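Just so you know, all these numbers are worked out from the coordinates, no wet-lab data involved. Please read these numbers as outputs of a predicted model, since none were measured by experiment. Neighbour counts are summed over all protein chains in view; Cβ atoms, including those assigned to glycine, are modelled from backbone coordinates with ideal geometry.
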Amino acid sequence: MTLRWEAFLDEVRERGEYDTPQEAERAARVVLALLGAHLVGDVRADLAACLPETMALVLLNPLQAAEPLSPERFVRATAAWIEGATEATAPWDIGAVLSTVADAAGDDLTGRVLLQLPPGYELLFGRPSAGKRP
């Protein structure tokens with residue numbers, strides 16, 4: 001089921017404890033643009049289908065990544081792209097967005113997403129046990 005724009009932003013705003021919807025939207029756009037560069041094929045398309053159209057387009061037209069970012073480098077990249085963010089606050093921003101995305105996607109799709117990402121992203125999605133490699 002696709003999450004409505006307002007519901008998605010409200011959820012991110014609440015989880016990230018942002019003062020304004022604009023702050024929540026900025027975090028969501030950066031995190032999804034970075035995430036989209038790491039996903040391919042049906043997984044990216046299926047995840048986009050769970051998101052509001054504006055956020056789906058961000059995911060489907062990602063920032064280009066030369067190589068998959070480790071979770072630590074994903075945090076650094078997020079901190080660099082979100083105005084006022086630091087490497088200390090970026091995991092909070094990422095968690096607010098990716099946990100909302102994971103809830104919208106459900107466990108099966110979230111597991112498929114995590115299998116396309118380097119190890120360690122489970123915590124960023126708020127799913128410490130999901131997507132474990134055997």
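For the chain, the mean residue ellipticity at 222 nm estimated from helices alone is -20000 deg cm²/dmol, where every DSSP H run of n ≥ 4 contributes -39500 (n - 2.57) and the total is divided by all residues, rounded to the nearest 500.
Sorted on the mean count of surrounding Cβ atoms within 10 Å across their residues, most packed first, peptides 33-40, 97-104 read 97-104, 33-40.
Binning the alpha carbon pair distances of the chain at 10 angstrom intervals from zero yields the distribution 13, 50, 34, 3, 0, expressed in whole percent.
Computed extension gain for Glu83 through Ala66, at 0.36 nm per residue and net of the alpha carbon distance, reaches 3.8 nm. Which FRET efficiency value, to the nearest 0.05, do you get for Val40 and Trp5 by plugging their Cβ-Cβ distance into 1/(1 + (r/R0)^6) with R0 = 22 Å? Step by step, r from the Cβ atoms, then E = 0.30. Scoring 6-16, 67-77 by mean Cβ neighbours within 10 Å over their residues and listing the highest first yields 6-16, 67-77. Scoring 52-60, 82-90 by mean Cβ neighbours within 10 Å over their residues and listing the highest first yields 52-60, 82-90. The order of Trp81, Trp5, going from fewest to most other C-beta atoms within 10 Å of their C-beta, is Trp5, Trp81.
When only Cα pairs below 8 angstrom with a gap of at least 6 residues are kept, the stretch 5-124 shows a relative contact order of 31 percent.
Backbone amide hydrogens, once placed in the peptide plane, bring Leu63 within less than 5 Å of Leu34, Ala37, excluding anything fewer than 5 places away on its chain.
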